[in-house]
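Below is one structure; the comments refer to it alone.
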Protein chains: 2
Amino acid sequence: MDNFVFQNTVKILFGKGQIANIAQEIPSDAKILITYGGGSIKANGVYDQVKQALAGRAVHEFGGIEPNPQLETLMRAVEMIRAEGINFLLAVGGGSVLDGTKFIAAAVDFEGDPWDILAKQAPVHSALPIGAIMTLPATGSEMNAFFVITKAATQEKLGGMCAFTYPQFSVLDPTTTFSLPDRQIGNGIVDAFTHTVEQYLTYPVNAPLQDRMAESILQTLIEEGPKTLAHPSDYDARANVVWCATMALNGLIGVGVPQDWSTHMVGHELTALYGLDHAQSLAVVLPSILSLKRDVKREKLLQYAARVWGVTQGSEEERIQAAIDKTRSFFESVGVPTHLSDYKVGEEAVSSVPQHMSDRGEVKLGEQGDIDLDAVGKVLALSL
Amino acid sequence: MDNFVFQNTVKILFGKGQIANIAQEIPSDAKILITYGGGSIKANGVYDQVKQALAGRAVHEFGGIEPNPQLETLMRAVEMIRAEGINFLLAVGGGSVLDGTKFIAAAVDFEGDPWDILAKQAPVHSALPIGAIMTLPATGSEMNAFFVITKAATQEKLGGMCAFTYPQFSVLDPTTTFSLPDRQIGNGIVDAFTHTVEQYLTYPVNAPLQDRMAESILQTLIEEGPKTLAHPSDYDARANVVWCATMALNGLIGVGVPQDWSTHMVGHELTALYGLDHAQSLAVVLPSILSLKRDVKREKLLQYAARVWGVTQGSEEERIQAAIDKTRSFFESVGVPTHLSDYKVGEEAVSSVPQHMSDRGEVKLGEQGDIDLDAVGKVLALSL
């Protein structure tokens with residue numbers, strides 16, 4: 001096991017009715033900005049629950065944060081916060097709203113161009129406190145400090161984090177997700193699955209507890225994912241998927257082990273260039289990464305085949321191929337196609353994605369740092 | 001899944017050499033009290049590492065905290081803290097030192113008799129900040145707010161917790177545990193195993209991720225425990241046991257599920273009355289609790305048999321019995337006997353333990369609240 005430092009301070013309020021408890025988590029004299037997306041929270045009753053919980057409090061609102069939240073949109077919220085003296089942010093929505101709100105929190109007091117927080121990984125020295133009501137099980141953003149932001153002007157989608165962008169609290173009420181369309185639930189399952197794989201399918205460092213915890217999340221997603229798609233209002237099935245999504249990216253399964261993240265790096269480019277949903281981009285890239293890197297990932301792929309998919313028969317090569325095929329089939333089964341052609345993206349991606357990545361400097365992705373621009377092209381060729 | 005609130009703010013510094021990094025975790029103007037036990041930290045080099053890391057800092061020392069730390073001892077530290085104006089506690093040792101230090105931290109500013117924090121669960125409104133260097137993998141005290149204290153005068157051993165007794169940071173350097181005697185490592189394995197079982201072997205509430213994470217800890221302890229006893233200086237095996245012990249009681253596997261804790265409640269009495277090591281008392285009680293409550297725990301016992309021990313053949317009753325027998329054998333295999341007679345405790349315990357418990361009021365233990373004094377007597381009769 002490698003050395004590590006782990007800390008995650010987020011307070012999770014999980015279960016039906018927990019929105020009613022948020023008032024006690026926010027200082028009584030706070031000037032609150034509620035941030036949200038396209039307005040689905042007004043249709044599904046979440047907005048009303050929030051307003052009721054915060055009755056009598058000083059509350060402003062900023063809506064319209066889009067999927068793959070854009071710098072240009074978020075900076076308008078920053079201006080509003082500065083003008084109004086707002087000092088607490090309450091993100092209500094999915095990962096995009098929460099990611100966008102983290103960026104807003106860090107940008108408010110940032111000196112210089114806030115895009116540098118992402119483009120130059122410029123240090124952040126403070127951020128506004130954040131609370132979250134997460135209404136989409138997927139990104140894990142409710143229990144980490146990461147945020148991924150898109151700059152529309154340059155078609156760049158970049159990730160960042162800092163010590164100050166952990167939410168102080170996050171509410172996870174599975175009932176708030178019942179009205180989500182199948183596409184978003186399927187996406188969320190693929191997202192959580194891929195987050196787990198990025199921290200698991202690398203090379204062994206003798207960390208069996210981390211391995212088994214990762215396998216626990218994967219097995220539970222495989223078991224509960226189809227259930228929750230078939231029965232969206234089955235509380236337990238949905239609650240289990242919600243909790244898997246949180247556990248997949250709160251840092252715990254990744255302590256002391258190597259991490260990959262190449263699928264995300266390549267996937268972000270597909271979203272930026274071709275508009276694929278985040279999870280769609282992961283579903284396209286992951287099977288190809290596993291296929292291309294099957295030699296350096298051999299030991300963990302065999303473990304994954306046996307423990308997650310129950311594949312123990314056949315040659316090593318056959319077992320590895322079966323595990324990759326089953327991964328692809330699982331993504332397809334939850335409604336997320338796994339080929340670029342499914343999204344009307346053609347061979348041009350094989351050159352356009354590496355070209356776009358090369359604009360930002362040297363590319364050495366993966367746990368071995370051995371996925372260069374040439375390898376990215378090969379991954380995309382495998383994904384057509 | 002049941003509703004839950006989860007937060008654990010402890011910063012973990014895990015791995016070889018991490019003691020060198022503690023200075024940056026403690027305010028530079030702090031007046032520090034190093035608390036420790038019988039002095040093994042001076043023999044194994046940990047004390048020297050701590051002093052070196054804190055060179056130039058204002059440091060006091062309080063040694064002599066005993067296993068099953070005693071109120072009477074700890075109150076002497078409280079007096080010293082008040083006299084010297086100490087404002088940061090650094091616990092260096094095992095669970096007893098850390099538990100004792102948490103109590104000290106809560107007692108310093110407590111108005112009234114600090115024993116009430118345990119005996120009457122009196123509310124605590126503040127505590128001194130605590131850092132920890134945990135040198136014994138067992139109690140999980142390094143990543144939770146619990147403390148168990150013994151009052152020698154009345155032979156009472158009671159547990160408590162409050163929001164302020166989470167360590168701010170905990171160092172887990174597996175190499176600091178290499179010199180521990182086999183008995184303490186065996187005890188630690190049993191302790192971590194039982195902590196996990198207390199949160200797992202109850203009744204199903206459709207929380208498969210929590211179940212699998214608990215099973216992950218149990219499987220890893222079964223796999224790595226014997227390895228670390230056979231090869232105490234095998235870094236990875238020891239590191240895996242250390243991390244299992246932390247994960248077993250940091251709250252995560254217990255979210256949203258029923259919890260038992262009857263084994264601990266009865267075990268504490270055996271320690272208080274007969275001086276068994278904490279883990280010895282658990283090894284004696286747990287198999288008997290599982291045996292007595294096999295009907296209400298049936299579904300989870302069958303799952304435990306299959307997933308943790310690979311027992312899938314035979315009738316339900318045979319599988320349950322096999323799982324209980326394998327649990328007992330595992331404890332014995334790591335050097336912790338499982339019968340009262342092994343500790344020279346006889347039939348008198350069958351009446352003395354319930355009698356001692358009854359002095360503190362009504363007894364309704366276990367996840368169903370159905371283990372009364374009569375049942376406690378039956379458990380002890382099964383443990384002779």
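The values are calculated or read from the model by the stated rules, or taken from the named source; none is laboratory data. These numbers come from a predicted model, not from an experiment. Virtual Cβ from ideal backbone geometry, glycine too; neighbours counted across all protein chains shown.
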Members of region B:63-72 found to be free of Cβ contacts under 8 Å to residues at least 60 places away in the same chain and farther than 19 Å from B:V171 by Cβ, listed by number
B:G64, B:E66
Determine if region A:346-362 includes at least one residue that is modelled with pLDDT of 95 or more, closer than 21 Å to A:S281 by Cα and assigned to a loop (DSSP other than H, G, I, E, B).
yes
Test result for B:G45, within 14 Å of chain A (Cβ to nearest Cβ) and out of contact with any His (no Cβ under 7 Å at 6 or more places or on another chain):
no
If we scan region A:308-322, do we find a residue that is in the same structural domain as A:P226 (by TED's automatic domain parsing), modelled with pLDDT of 95 or more, in contact with an Asp or Glu (Cβ under 9 Å, 6 or more places away or on another chain) and surrounded by 17 or more Cβ atoms within 10 Å (Cβ to Cβ)?
yes
Being surrounded by fewer than 24 Cβ atoms within 10 Å (Cβ to Cβ) and either assigned to a helix (DSSP H, G or I) or within 9 Å of chain A (Cβ to nearest Cβ) (or both) is the filter here; which residues of region B:224-243 pass it?
B:P226, B:K227, B:L229, B:A230, B:Y235, B:D236, B:A237
I'd like to know if region B:305-319 contains one or more residues that are out of contact with any strand residue (DSSP E or B) (no Cβ under 8 Å at 6 or more places or on another chain), over 24 Å from B:Q219 (Cβ atoms) and among the aliphatic types (A, V, I, L, M).
no
Could you tell me whether region A:128-142 includes any residue that is under 26 Å from A:G254 (Cα atoms) and free of Cβ contacts under 8 Å to residues at least 24 places away in the same chain?
no
If you take the residues of region B:1-17 that are among the polar types (S, T, N, Q) and in contact (Cβ under 8 Å) with a residue 60 or more places away in the chain, which of them is farthest from the other protein chains (Cβ to nearest Cβ)?
B:N8
Could you check, for region A:193-200, whether at least one of its residues is over 30 Å from A:K227 (Cα atoms) and either of a type outside the set (A, V, I, L, M, F, W, C) or within 17 Å of the chain's Cα centre (by Cα) (or both)?
no
Run down B:A127, B:A77, B:A122, B:A91 and say which single residue is assigned by TED's automatic domain parsing to the domain that holds B:A20 and part of a helix (DSSP H, G or I).
B:A77
Could we say that A:V345 is in contact (Cβ under 8 Å) with a residue 24 or more places away in the chain, under 24 Å from the mean Cα position of the chain (by Cα) and more than 22 Å from A:K378 (Cα to Cα) here?
no
Hey, which of the strands (runs of 3 or more DSSP E) in region A:1-74, taking only ones fully inside, have at least 3 residues that are farther than 16 Å from A:L98 by Cβ?
A:4-14, A:58-62
Failed criterion for A:P67 (all others in (1) farther than 22 Å from A:V10 by Cβ; (2) more than 19 Å from the chain's Cα centre (by Cα) hold):
(2)
Within region B:248-265, is there a residue that is modelled with pLDDT of 95 or more, within 14 Å of chain A (Cβ to nearest Cβ) and assigned to a helix (DSSP H, G or I)?
yes
For residues that are surrounded by 24 or more Cβ atoms within 10 Å (Cβ to Cβ) and of a type in the set (S, T, N, Q), tally how many sit in region A:83-113.
2
Among the residues of region A:285-311, which ones are closer than 11 Å to A:A323 by Cα, among the β-branched types (V, I, T) and part of a helix (DSSP H, G or I)?
A:V308
Could you list, in sequence order, the residues of region B:307-342 that are of a type in the set (A, V, I, L, M, F, W, C) and either under 22 Å from the mean Cα position of the chain (by Cα) or under 19 Å from B:L382 (Cβ atoms) (or both)?
B:V308, B:I320, B:A322, B:A323, B:I324, B:F330, B:F331, B:V334, B:V336, B:L340
Exactly one of these conditions fails for B:A20: (1) away from every other protein chain (no Cβ under 14 Å); (2) touching a helix residue (DSSP H, G or I) at 6+ places or on another chain (Cβ under 7 Å); (3) among the small types (G, A, S); (4) free of Cβ contacts under 8 Å to residues at least 60 places away in the same chain. Give me its number.
(1)
Would you say B:F178 is under 20 Å from the mean Cα position of the chain (by Cα) and surrounded by fewer than 21 Cβ atoms within 10 Å (Cβ to Cβ)?
yes
Quick one: in region B:23-41, of everything that is of a type in the set (G, A, S), closer than 24 Å to B:T176 by Cα and in contact (Cβ under 8 Å) with a residue 40 or more places away in the chain, which residue is farthest from the other protein chains (Cβ to nearest Cβ)?
B:G37
When every residue in region B:287-306 that is surrounded by fewer than 21 Cβ atoms within 10 Å (Cβ to Cβ) and small (G, A, S) is compared, the one farthest from the chain's Cα centre (by Cα) is B:A306
Among the residues in region B:150-171, are any β-branched (V, I, T), surrounded by 23 or more Cβ atoms within 10 Å (Cβ to Cβ), assigned to a strand (DSSP E or B) and at pLDDT 95 or above?
yes
Over region A:172-204, the set of residues more than 23 Å from B:S216 (Cα to Cα), touching a residue at least 24 places away in the same chain (Cβ under 8 Å), more than 14 Å from every other protein chain (Cβ to nearest Cβ) and assigned to a loop (DSSP other than H, G, I, E, B) is A:F178, A:S179, A:L180
If I ask for residues that are more than 7 Å from chain A (Cβ to nearest Cβ) and part of a helix (DSSP H, G or I), which ones from region B:205-223 would you list?
B:Q210, B:D211, B:A214, B:E215, B:L218, B:L221, B:I222
Can B:G38 be described as modelled with pLDDT under 95 and either at negative phi or buried (at least 18 other Cβ atoms within 10 Å of the Cβ) (or both)?
yes
Working only within region A:41-51, note down all residues that are of a type outside the set (D, E), surrounded by fewer than 18 Cβ atoms within 10 Å (Cβ to Cβ) and at pLDDT 95 or above.
A:K51
Between residues in region A:275-302 that are under 24 Å from A:I185 (Cβ atoms) and residues that are of a type in the set (K, R) and at pLDDT 95 or above, which pairs lie under 7 Å by C-beta distance while being six or more apart or on different chains?
A:P287/A:R328; A:L290/A:K297
Among (1) under 30 Å from A:M143 (Cβ atoms); (2) at pLDDT 95 or above; (3) in contact with a Ser or Thr (Cβ under 9 Å, 6 or more places away or on another chain); (4) crowded, with 16+ Cβ neighbours inside 10 Å, there is one condition B:G17 misses while meeting the rest; what is its number?
(4)
Going through region B:221-269 one residue at a time, which ones are of a type in the set (V, I, T) and under 18 Å from B:G15 (Cα atoms)?
B:T228, B:V241, B:V242, B:T246
